[in-house]
1. If the requirement is being buried (at least 16 other Cβ atoms within 10 Å of the Cβ), closer than 30 Å to A:Thr47 by Cβ and in contact with a Pro (Cβ under 7 Å, 6 or more places away or on another chain), which of these qualifies: A:Leu154, A:Leu82, A:Leu161?
2. Kindly establish whether A:Val173 is assigned to a helix (DSSP H, G or I), touching a helix residue (DSSP H, G or I) at 6+ places or on another chain (Cβ under 8 Å) and open to solvent by 10 Å² or more (accessible area, probe 1.4 Å).
3. Within segment B:77-96, can you find the residues that are touching a Ser or Thr at 6+ places or on another chain (Cβ under 7 Å) and not basic (Lys, Arg)?
4. Output the number of the condition that B:Ser188 fails; it satisfies all remaining conditions of (1) touching a Phe, Trp or Tyr at 6+ places or on another chain (Cβ under 6 Å); (2) at positive phi.
5. Of all residues in segment A:233-254 being among the small types (Gly, Ala, Ser) and surrounded by fewer than 19 Cβ atoms within 10 Å (Cβ to Cβ), which is modelled with the highest pLDDT?
6. Provide a single number: the residues in segment A:543-562 that are farther than 19 Å from A:Lys416 by Cα and either touching a residue at least 40 places away in the same chain (Cβ under 8 Å) or of a type in the set (A, V, I, L, M) (or both).
7. Search segment A:311-325 for residues that are facing chain B (nearest Cβ under 8 Å) and pair each with any residue that is open to solvent by 50 Å² or more (accessible area, probe 1.4 Å) and aliphatic (A, V, I, L, M) when their beta-carbon atoms are under 8 Å apart and the residues are at least 6 apart or on different chains.
8. Of a type outside the set (Gly, Ala, Ser), touching a Phe, Trp or Tyr at 6+ places or on another chain (Cβ under 6 Å), more than 18 Å from A:Val379 (Cα to Cα) and open to solvent by less than 20 Å² (accessible area, probe 1.4 Å): which single residue out of A:Ile402, A:Ile465 fits that description?
Amino acid sequence: MNTVLTLLRPRFKTIMNGGRSNTRFGRVGKFILLGLIGSILWGGLYTVSIRVLSYFRGIEEIGDILGFKLLSMILITSFALLIFSSIITSLSKLYLSRDLFLVHSFPVAGYKVFIARWIDSTVESSWMVIVFTLPVFIAYGVVFNTGIFYYMCLLLALISLSIIASAAGVFLVMISVIIIPANRMKSIFVFLSLFFFIIIYIAIRFLKPELLVDPEIFDSVLIYITVLQTPSSPLLPTTWAFDAIKAGLNGHLAEGIYHLAISWSFAGCMFFIIVMTADSFYTIGFSKTQTAHVRLIKSKSSRSLVLSFLPRSIRAFAEKEIKIFFRDQTQWTQLFLIGALIVIYIYNFNALPLEKSPIKTVYLQNLLAFLNMGLALFVLTAVTGRFAYPAVSAEKSAFWIIESAPAPLKKFLWIKFFIYYLPLLLLTQILIVATNILLQVTPFMMVLSIITVFFLVPGIVAMGIGLGAAFPDFKAENPTQTVTSFGGLVFMILSAGLIGLVLIMEAGPVYKIFIFGLRGIPLSLYNWLYIAGSFFIIFVISILAIILPMKFGEKSLSRRFS
Amino acid sequence: MIELKNITKKYADFTAVDNLSLSVRKGEVFGFIGPNGAGKTTTIKIMGGVLKPTSGSVKIADLDIKDHPEAAKGKIGFIPDRPYLYEKLTGMEFLKFTSDLYGVTENGLEKKAEKELERFSLLDWSNELIESYSHGMRQRLIFASALLHDPEVIIVDEPMVGLDPMAIMMIKDLFVDLAKRGVTIFMSTHTLTVAEDICDRIGVIHRGRLIATGTTEDLKREARITEADLEKVFINLTSQQEQADAA
């Protein structure tokens with residue numbers, strides 16, 4: 001046990017020292033920002049949970065049944081999330097971490113290394129799920145007016161559920177790594193988990209769970225209650241956790257202890273199973289991960305015909321950039337996520353019940369179209385932050401090749417800009433045009449949206465590339481995470497500021513054109529001058545937003561040479 | 001071919017290179033030796049155009065690197081001490097990428113790249129991603145890419161690190177052969193036997209200053225040693241300098 005604790009000590013110390021050495025504003029700022037976002041989310045979840053549960057309790061006969069049904073759904077979803085989180089984390093902790101070479105060189109039994117890494121993985125993969133479900137469970141305790149026994153039951157049930165989920169995840173990983181190397185496995189699981197999430201989201205949207213609180217749509221109350229009361233399988237760990245928490249809510253002490261005992265004994269059993277499995281398979285899987293990567297599909301390198309019109313040095317940069325991007329498997333999942341984001345974004349507009357709104361539809365459609373511009377541009381900012389901002393840092397330690405190459409840095413940055421600009425422009429225009437079609441906006445709003453986006457996309461992408469060049473981190477293990485650094489924060493703030501400024505400047509002229517058009521009144525010369533002036537300033541701002549960040553990025557990057 | 005005039009490089013209060021001047025003739029193999037932290041890599045980075053000096057000038061093939069950075073860099077084959085490359089490109093793709101940047105004639109490029117890969121025993125790996133290469137293979141790939149555009153000057157930092165004895169021998173022969181064909185080679189090294197074997201002249205840098213230059217014989221004279229290898233010369237020269245600095 002001492003050895004396991006010793007193996008865990010560096011991890012513990014890293015966390016402690018991480019807080020002590022956070023003196024740079026970037027880290028402190030990030031900590032404050034994340035803390036603030038976390039608190040708002042936590043508070044929001046608690047408030048919503050209290051309101052929903054109080055509403056349920058107010059419904060006669062079926063109020064508690066609804067509450068328990070919701071509890072069961074939360075536990076099943078959390079358990080699924082815990083398993084997926086455990087798979088991803090344990091792959092890193094057990095097979096891919098850089099310190100594993102050192103750890104495996106210690107004179108320590110393999111199973112002890114495994115136990116230490118598994119404990120670390122369990123904590124890392126489950127703390128967030130537990131922390132963010134806690135406000136919901138606390139709300140249950142408050143609404144059901146329970147005592148300390150409930151909170152003890154809750155804590156013990158959640159911990160055992162996390163241990164079971166983590167053990168199940170790591171068991172799957174250990175077996176799978178024997179067949180597929182861990183580095184490929186991680187991409188496959190990330191991809192699958194995202195796919196799983198999207199399917200669940202779409203399934204929930206199609207099921208319309210809000211109808212559950214509207215018993216009138218069922219043929220009879222009896223059918224409705226039967227549907228709600230259908231019990232879960234007694235073999236599921238979530239059922240034991242559910243029964244324990246339910247007993248805690250109802251104050252049934254003996255029943256609660258009984259269900260907790262089942263859950264904990266299974267957790268203990270799982271622990272022994274994974275330790276025994278690790279004894280046989282962990283080292284084999286780890287060794288297999290260390291062997292050289294082999295390409296699944298080998299092909300002779302060929303020139304891109306699409307880019308053949310470009311001058312050679314520009315084509316060289318562009319081809320390199322595109323090849324590296326698409327061969328990096330971590331990008332695939334991100335691309336998939338963006339695809340899903342587009343579908344969900346457009347689907348949500350399709351689901352808007354405009355006809356039920358008390359506001360006149362034509363106003364609402366155009367107001368939404370205007371707000372939609374901002375929303376789509378914020379989505380663009382997030383995507384730019386994920387892809388374009390880390391583009392310079394993604395050169396990593398190979399940046400010496402660019403530094404020593406007979407090509408100016410300006411060219412290098414502008415090529416990066418165009419590589420991201422074109423697809424991001426396409427993405428934003430698809431979002432805008434598709435949602436505007438769904439909203440059935442006026443041709444004026446459609447044209448305005450398209451033009452605004454056309455002028456703002458290059459500015460936002462230039463900010464991403466320029467600020468990414470100004471605050472590069474060539475030593476980052478994962479350059480995509482650089483967007484959470486100080487430079488990334490500056491990019492996000494400036495981009496949001498630009499979008500806000502342009503939309504505010506557009507709001508006045510657009511309102512005038514729209515209202516005067518609706519009333520059939522011609523615009524006065526003053527109004528025309530006001531509109532033309534506003535759009536001219538927006539045009540100038542858009543151009544400056546392209547040039548200034550790129551120049552700033554180039555200058556800052558050049559300063560690295562001196 | 002290479003001319004460094006009064007190069008100084010400061011990092012805040014620390015002077016990494018102090019008023020360094022030297023010139024290397026066409027077809028000469030120049031060795032640059034010195035203790036850790038003496039300023040070798042900084043000097044090499046300045047020569048390669050990767051770092052700008054605080055003051056002084058660098059000329060490569062009569063081109064001032066400050067005024068004509070792209071043209072001057074085009075004449076250089078730059079080989080850093082650590083072989084960081086684009087992991088997701090294949091060896092062949094990396095060679096094509098650098099040859100495009102350096103403007104190597106496209107006609108016959110594939111054959112030329114294959115020849116270089118074969119020379120460095122990488123032909124069988126040409127279509128594998130660089131992420132699967134060992135340290136030595138990456139180092140050899142950088143050599144191949146640095147030679148592909150027929151540079152007039154090769155600047156190389158610690159060329160033998162990570163290479164096996166066969167590759168070390170091959171590189172030594174290659175440098176001698178290239179120098180015979182008029183290519184100027186500037187290399188920093190800790191492997192003093194390599195410097196002794198192939199360098200026409202050697203420069204010793206200590207605390208950013210060039211404390212001695214010349215052939216091995218010249219250096220022995222300067223170190224007041226007659227019967228000793230370069231290692232002893234190196235130790236004597238640097239300790240003499242340390243004593244002088246202390247005084």
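The values are calculated or read from the model by the stated rules, or taken from the named source; none is laboratory data. Computed from a prediction, not measured in an experiment: that's the story for all the values here. Reconstructed Cβ throughout: ideal geometry from the backbone, glycine too, with neighbour counts over all protein chains shown. Ligands, DNA and RNA are excluded from the accessible area calculation, which covers all protein heavy atoms including side chains. Shrake-Rupley method; radii C 1.70, N 1.55, O 1.52, S 1.80 Å.
1. Exactly one residue qualifies, and that residue is A:Leu161.
2. So A:Val173 does not fit the description; no.
3. Matches in segment B:77-96: B:Phe78, B:Asp81, B:Tyr84, B:Thr90, B:Gly91, B:Met92, B:Glu93, B:Phe94, B:Leu95.
4. (2)
5. A:Ala254
6. 1
7. A:Ile324/A:Ala394
8. A:Ile402
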